[in-house]
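Notes follow the structure.
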Amino acid sequence: MITLGIESSCDDTSIALVENGTRVISSLVSSQIEIHRRFGGVVPEVASRKHLEAILPLLRDCLGEAGLKISDIDQIAATAGPGLLGPLLVGLSTAKALAWYTGKPLVPVNHIEAHLTASFLAAGRAPEYPFLGLIVSGGHANLVLAEGPRQYQVLGQTLDDAPGELFDKVARHLQLGYPGGPIIQKTGENGDPKRYQLPRPMAGKGYVFSFSGLKTAVMRIVAHEKDELNLPDLCASLQHAVSQTFVEKVGMALKETRARRLILAGGVAANAVLRRDMQQLADRYHAELLLPTLHLCTDNAAMIAAHGYFTAHLAPAESLAVNAVASWDMGAPHNF
Amino acid sequence: MRYLFLDASENATNCQYGDESSFFNQRFDTDRNLGACVSRICDEMLNQAGSSFAELDRLSICTGPGSLTGLRIAAAFFRTLALIGDKPVSGIDIFKWSLKTLQLQGKKGKVMLILPTLIDKAFVVEADVDAQTCQSPELQTRTAITGPNTYAIRCDLPGLLRLDPEPEALHELIKSQPAAETFEEILGVLPMYVIPSQAERKLEEKP
């Protein structure tokens with residue numbers, strides 16, 4: 001069965017074709033990073049315009065690359081939320097046109113849930129339950145226990161900033177550029193992670209995350225150190241603080257839930273320090289760690305197609321009436 | 001020629017179906033929910049017409065100016081249908097539609113067309129009814145706009161004549177205006193973007 005996936009929740013337009021939820025036939029992404037760089041962040045109105053321009057060329061190229069026609073597609077899966085409404089509506093309306101014209105089913109997909117499926121897709125496997133999932137991105141820091149398709153126990157989430165957002169804000173403050181995550185990783189590559197003492201937010205306070213305090217702490221160091229500031233050491237220290245925050249809470253969850261499978265997902269899952277530390281943590285608990293390949297960490301339609309394939313049986317019957325939603329809790333039914 | 005037209009430039013969605021001999025128009029109270037009901041609207045229109053998508057010769061959308069989200073939903077839906085369904089698609093802007101309306105009403109000569117925006121400004125277009133030509137829209141402060149032969153589109157503004165673009169004019173326009181047929185031409189059917197986003201305006205204001 002071939003699923004066509006569409007993703008447009010933020011600043012990446014993506015279309016992919018996935019067979020049986022486990023094999024990527026074709027996956028194309030049109031990134032808007034260069035367009036939003038000058039604003040220092042994603043501008044929803046600008047993003048919506050660019051999605052509309054990019055989506056049809058991607059559709060044509062994706063089908064062309066796969067050597068398939070629209071009539072070869074068995075179902076369509078599209079991100080319906082959470083995300084930026086304007087961009088979401090472009091992708092979802094395109095998906096609806098495809099479903100309406102072909103008469104094929106439309107599966108509305110929760111973007112955050114799909115990030116978890118990306119790790120299984122990278123391994124060419126169907127999701128195996130239960131597993132512990134940590135989703136870390138520009139908009140999310142969620143720790144969940146997945147018990148079945150679309151069945152999640154949310155253990156913890158961030159009270160304020162997400163880690164990707166923290167990296168963006170710090171990079172902007174340090175005038176390093178956008179997006180912050182890859183720049184902070186590169187700048188901190190040879191830095192000393194213990195040079196600057198940064199707090200471990202919400203340490204010992206259950207599964208709750210908070211990253212806005214870290215941003216303030218970094219700014220204080222910058223103001224205090226002035227010309228003495230060692231940028232590589234600061235970037236390394238920041239990554240270390242973020243990563244160790246996750247290590248503490250995920251370690252606690254592995255112990256409490258006795259889960260033996262850990263999934264790291266989302267754009268920040270591309271961070272090398274976090275990947276290394278999570279691998280060490282998984283080894284310590286004799287758990288299997290599944291990591292998405294780097295191109296499956298960031299937003300992409302292959303994970304949407306794969307998640308759509310594995311959750312199609314749970315999709316609402318009237319899926320053409322589904323609207324895009326800015327907020328959509330993992331596992332919650334689509335509210336339309 | 002059988003066509004289906006969608007205007008999502010306002011809170012309500014205007015649809016029109018037509019063929020060589022007749023047309024009908026229907027208004028749907030979609031408010032901010034067009035994304036959820038765009039396919040149902042198309043079904044309803046085609047059912048009422050006793051027609052089907054396969055029988056359509058042309059798709060058409062309003063390109064604005066107006067609600068950018070609404071215009072984009074309509075554009076995303078109809079452009080995709082045009083591509084995969086192999087149908088020509090045309091974009092109709094409100095100024096040309098208004099100008100055609102004035103012509104059918106028997107008006108002549110040069111006119112000014114005004115379309116208010118949500119901010120304190122309005123789109124202003126100089127146009128020629130006889131030649132059916134419009135200049136590019138410009139943004140001006142609303143209160144500064146006065147003068148004879150000046151029409152406020154779809155609203156009442158003090159001292160200005162009100163003009164509501166009419167279904168007959170749209171019917172004529174869709175039949176006479178060329179449509180996008182090739183892939184590259186279809187990509188060119190986009191909403192009118194006259195107002196830059198807030199972030200773009202801020203960036204332009206920076207030294």
Solvent-accessible area lost in complex, 10 Å² minimum, residues of the stretch B:66-98 relative to chain alone, 1.4 Å: B:Leu68, B:Thr69, B:Arg72, B:Ile73, B:Ala76, B:Phe77, B:Arg79, B:Thr80, B:Leu81, B:Leu83, B:Ile84, B:Gly85
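Within 10 Å of each candidate Cβ there may be at most 10 other Cβ atoms; applying that plus a DSSP loop requirement, which GluC sites (Glu not before Pro) in the stretch B:1-87 survive?
Numbers: sites: B:Glu10, B:Glu20, B:Glu44, B:Glu55; in loops: B:Glu10, B:Glu20.
Those satisfying the criteria are B:Glu20.
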- prompt: From the backbone phi of the stretch A:230-244, what are the Karplus-calculated ³J(HN,Hα) couplings (6.51 cos²θ - 1.76 cosθ + 1.60, θ = phi - 60°) in whole Hz, Gly and Pro given as x?
  reply: 9, 4, x, 5, 5, 5, 5, 5, 5, 4, 4, 5, 5, 4, 5
message: Only sites in a loop by DSSP and with at most 12 other Cβ atoms within 10 Å count here; which trypsin sites (Lys or Arg not before Pro) in the stretch A:1-56 make the cut?
response: A:Arg38
- prompt: How far apart, in nm, are two points set 7 Å out from the Cα along the Cα-to-Cβ line at A:Glu189 and at A:Arg260?
  reply: 3.9
- prompt: Taking +1 at the Cβ of each Lys and Arg and -1 at the Cβ of each Asp and Glu, which of A:Ser212, A:Val154, A:Tyr196 sits farthest along the dipole of the stretch A:122-239 towards its positive end, judged by Cα position relative to the Cα centre?
  reply: A:Val154
query: So who's got an amide H within less than 5 Å of the one on B:Thr30, skipping anything under 5 residues away but keeping other chains? H placed 1.01 Å off N, in plane.
result: B:Thr13
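Over all residues in B:38-47, what is the mean tally of Cβ atoms on other chains that come within 10 Å of each residue's Cβ?
On the way: counts 8, 9, 4, 0, 3, 2, 0, 0, 0, 0.
Mean shielding by partner chains, rounded to a whole number: 3.
Only four residue types carry charge here, +1 at the Cβ of Lys and Arg and -1 at the Cβ of Asp and Glu. Report the dipole size of the stretch B:1-135 about the Cα centre in Debye, rounded to the nearest 20. Walk me through the numbers before you get to the answer.
Values: 14 positive and 16 negative charges, 53 e Å.
Roughly 260 debye, rounded to the nearest 20.
Using a 1.4 angstrom probe on heavy atoms only, work out the carbon and sulfur share of the accessible area of the stretch B:1-64 in %. Mind showing how you got there, number by number?
Details: 990 of 2620 Å².
Of all accessible area on the stretch B:1-64, carbon and sulfur atoms account for 38 percent.
Assuming 0.36 nm per residue, please report the length gained on full extension of the stretch A:Leu159 to A:Lys69 beyond their Cα-Cα distance. Intermediate results must be reported in sequence, preceding the final value.
Working: separation 90, 0.36 × 90 = 32.40 nm, distance 4.53 nm.
Answer, rounded to one decimal: 27.9 nm.
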- line: On the accessible surface of the stretch B:92-207, probed at 1.4 Å with all protein chains in place, carbon and sulfur together account for a percent value of 50
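Which value does Rg/Rh take for the stretch B:2-53 over its C-alpha atoms, Rh per Kirkwood?
On the way: Rg = 10.8 Å, Rh = 11.2 Å.
Answer for the stretch B:2-53: 0.97.
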statement: The helix A:163-173 Cα axis meets the longest alpha-carbon principal axis of chain A at an angle in degrees, between 0 and 90 and rounded to 10, of 60
message: Per residue, how large is the accessible surface of the protein assembly as shown? Use a 1.4 angstrom probe and give square angstrom.
response: 41
- line: Compactness summary of chain B: radius of gyration and Dmax from Cα atoms, Å, are 17.3, 59
Alpha-carbon spread of the stretch A:231-273, three principal axes, descending order, Å: 39, 19, 10
- request: Please build a GNM for chain A, connecting alpha carbons under 10 Å apart, and tell me which residue among A:Gly148, A:Gly308, A:Gly21 fluctuates the most.
  value: A:Gly148
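In debye to the nearest 20, how big a dipole does the protein assembly as shown give about its Cα centre with +1 on each Lys and Arg Cβ and -1 on each Asp and Glu Cβ?
1200
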message: What does the charge count around A:Gln185 come to, taking other residues whose C-beta lies under 12 Å from its C-beta (Lys +1, Arg +1, Asp -1, Glu -1)?
response: +2
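Checking a compactness column here: for the stretch B:142-207, what do you get for Rg(Cα) / (2.2 N^0.38 Å), N being the number of residues?
Numbers: Rg = 18.0 Å, N = 66, 2.2 N^0.38 = 10.8 Å.
Normalised Rg, Cα atoms only: 1.67.
Within the stretch B:16-94, which trypsin sites (Lys or Arg not before Pro) sit in a loop by DSSP and count at most 15 neighbouring Cβ atoms inside 10 Å?
Working: sites: B:Arg27, B:Arg32, B:Arg40, B:Arg58, B:Arg72, B:Arg79; in loops: B:Arg32.
Here the trypsin sites (Lys or Arg not before Pro) that fit, given the DSSP loop and packing criteria, are B:Arg32.
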query: Helix-derived [θ] at 222 nm for the protein assembly as shown: sum -39500 (n - 2.57) over DSSP H runs of at least 4, divide by residue count, nearest 500?
result: -12500 deg cm²/dmol
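Calculate, for B:Arg201 and A:Gln197, the FRET efficiency according to 1/(1 + (r/R0)^6) with r their C-beta to C-beta distance and R0 51 Å; round to the nearest 0.05.
After rounding to 0.05, the efficiency reads 0.75.
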- prompt: Which of the residues in the stretch A:92-134 lose at least 30 Å² of accessible area when you go from the chain alone to all protein chains together (probe 1.4 Å)?
  reply: A:Ser93, A:Lys96, A:Ala97, A:Trp100, A:Tyr101
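What's the total accessible area buried between chains B and A, using a 1.4 Å probe, rounded to the nearest 100 Å²?
On the way: alone 10870 and 14280 Å², together 22380 Å².
In total, this chain pair buries about 2800 Å².
Could you work out the local net charge near A:Arg150, counting Lys and Arg as +1, Asp and Glu as -1, over the other residues with Cβ closer than 13 Å to its Cβ?
Numbers: positive: none; negative: A:Glu113, A:Glu147, A:Asp329.
Value of the local net charge: -3.
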message: Taking θ = phi - 60°, what integer Hz values does the Karplus form 6.51 cos²θ - 1.76 cosθ + 1.60 yield along the stretch A:252-264, in sequence order, with x for Gly and Pro?
response: 4, 5, 4, 5, 6, 8, 6, 5, 10, 9, 10, 10, 10
message: Can you give me the % of accessible surface on chain A that is carbon or sulfur? Probe 1.4 Å, all protein chains present, nothing else counted.
response: 51
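To the nearest 0.05, how large is the calculated FRET efficiency for A:Arg220 and B:Thr146 if R₀ is 56 Å and r is the Cβ-Cβ distance?
Working: r = 57 Å, r/R0 = 1.02.
For R0 = 56 Å, the calculated efficiency reads 0.50.
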task: May I ask you to work out the translational diffusion coefficient for the protein assembly as shown at 20 °C, viscosity 1.002 mPa s, via Stokes-Einstein with Rh from the Kirkwood sum over Cα pairs, reported in whole µm²/s?
output: 85
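Under a Cβ-Cβ cut-off of 10 Å, what is the net charge of the residues other than A:Gly40 that fall near it, where Lys and Arg count +1 and Asp and Glu count -1?
Numbers: positive: A:Arg37, A:Arg38, A:Lys169, A:Arg172; negative: A:Asp168.
Taking every other residue near A:Gly40 into account, the sum is +3.
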Threshold 40 Å², the stretch A:45-70 residues less accessible with all protein chains present than alone (1.4 Å probe): A:Glu45, A:Arg49, A:Leu52, A:Leu56, A:Arg60
message: With a 10 Å cut-off between alpha carbons and a GNM built on chain B, which of B:Lys96, B:Lys121, B:Lys87 moves the most?
response: B:Lys121
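The values are calculated or read from the model by the stated rules, or taken from the named source; none is laboratory data. Please read all numbers here as calculations on a predicted model, not as lab measurements. Here the Cβ is made from the backbone with ideal geometry for all residues, glycine too, and neighbour counts use every protein chain on show. In case anyone asks, the SASA skips ligands and DNA or RNA and just uses the protein heavy atoms, side chains included. Shrake-Rupley method; radii C 1.70, N 1.55, O 1.52, S 1.80 Å.
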